[in-house]
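Have a look at the structure below, then the notes.
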Amino acid sequence: MSHSPRNQNQTLKFIVIGIFFMILADRFLLPEGTAFHELWNKPAQVVEIAHEETGQPDWYEENIPAPEPEDDAQDNIVLEPYGPFQRPIALPDIFDECLPPVEPVDAPVKEPEKDVPLWRKNAVPFDVAPNKPKIAIVIDDLGPAHKQTEEIIALPSPLTLAFLPYAKDLPDKTGQAKAQGHEILIHMPMKPLSDKVNSGPLTLQAGMSAEKMEAYLETAFKAVDGSAGMNNHMGSSFTKEDKAVDMFMDILSKKGMFFLDSRTTSETVCEIAADKHSVPFVSRDVFLDHKNEKEFIENALKEVERIAKKHGQVIAIGHPHTLTIKALEKWIPEVKARGFQLVPLSVLVKEKVQNNSALH
């Protein structure tokens, strides 16, 4: 059955008019939530496609893309999601007058991070109890003797454990020590007075070049990673040599570590050089086991308590001898019960740094 062109034109007119009234009804008459309203107000779907070359997403809309304003006059144009009938709607200028003024907000200025020295980063966090004498126990020569090293690590924390940088399996041992709550030092070999005494590999000596000393120390820094400071292994010859110690302290200062002088000789010049190069410095007060005898160790621990009570703090150095380990196992809980507190060595370093800053 054929249709005349005139009938076709009339039918098309009715369709266009019908669509027009449907849009008017949707915009002004139909309530939200009707099926017809939801159909025409369905937002255009946005699809993300990975760009093959750059890896950046290209964005497009399945329907008509949003037009970009051509000039400043269209800055107040917004888009409403009306599917295929999406059209820009211009807001009247009076609309801006109804809005409260927006005060400009300055972006927060980020404070530049201050350089934190390595010894502070690697120091064991510790809450100091006020009005309690502080005792820092340092155990030297750790690493080579595996059984004794493990027994020392198993002692109640916090102790300060000094590892020889040439020992094997150091990452495993220092990791266990940190997990137990102990602080870590590098026990750096330095030349003793007697040539018959073997101080081990990486020994610092007077007369060595700056490059060689720096290479030895860098090897030690890497071997005992996570250490807060360094103390001397032997070194009764090295620590009294002005030029060598000055070179050593310059390197240590650049690394950002503190130094504990074991004071193996009364002629040590370490404190003078440390002060010159601004290296935080502390020194030993008591040797626990200068004689590897039970009575000597017990008397040394009594001396530790006496000095701590008199001066408020004390630094004692011991070694992984069996007698020392047994004495500490018994003494640590007892000394805490008597009102003393064991602290990481860095606590006393911090206090000294603060006191020196207050004086200056």
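We did not get these values from a lab; they are worked out from the coordinates using the rules stated. This structure is a prediction, so every number in the text was calculated from the model and none was measured. Every residue, glycine among them, receives a Cβ derived from its backbone with ideal geometry; neighbour counts consider all protein chains shown.
Some points to look at:
- Part-to-part distance (alpha-carbon centres) for the stretch 130-157 and the stretch 216-264, which is given in Å: 20
- Nonlocal amide H pairs with R263, under 5 Å, H built at 1.01 Å: R284
- Charge dipole (debye, nearest 20) of the stretch 224-360; +1 at Cβ of Lys and Arg, -1 at Cβ of Asp and Glu: 380
- Here the 3J(HN,Hα) profile of the stretch 205-214, calculated from phi with Karplus coefficients 6.51, -1.76 and 1.60 at θ = phi - 60°, is 9, 5, x, 6, 5, 4, 5, 5, 4, 5 Hz, Gly and Pro shown as x.
- Gain on full stretching of the segment that runs from N355 to K291 - 0.36 nm per residue minus C-alpha separation: 19.6 nm
- Potential lengthening between K310 and A154 on full extension [0.36 nm per residue; Cα-Cα distance subtracted]: 53.2 nm
- Applied to the stretch 138-151, the Karplus parametrisation 6.51 cos²θ - 1.76 cosθ + 1.60 on θ = phi - 60° returns per-residue 3J(HN,Hα) values of 10, 10, 8, 6, 7, x, x, 8, 5, 4, 5, 4, 5, 5 Hz, with x for Gly and Pro.
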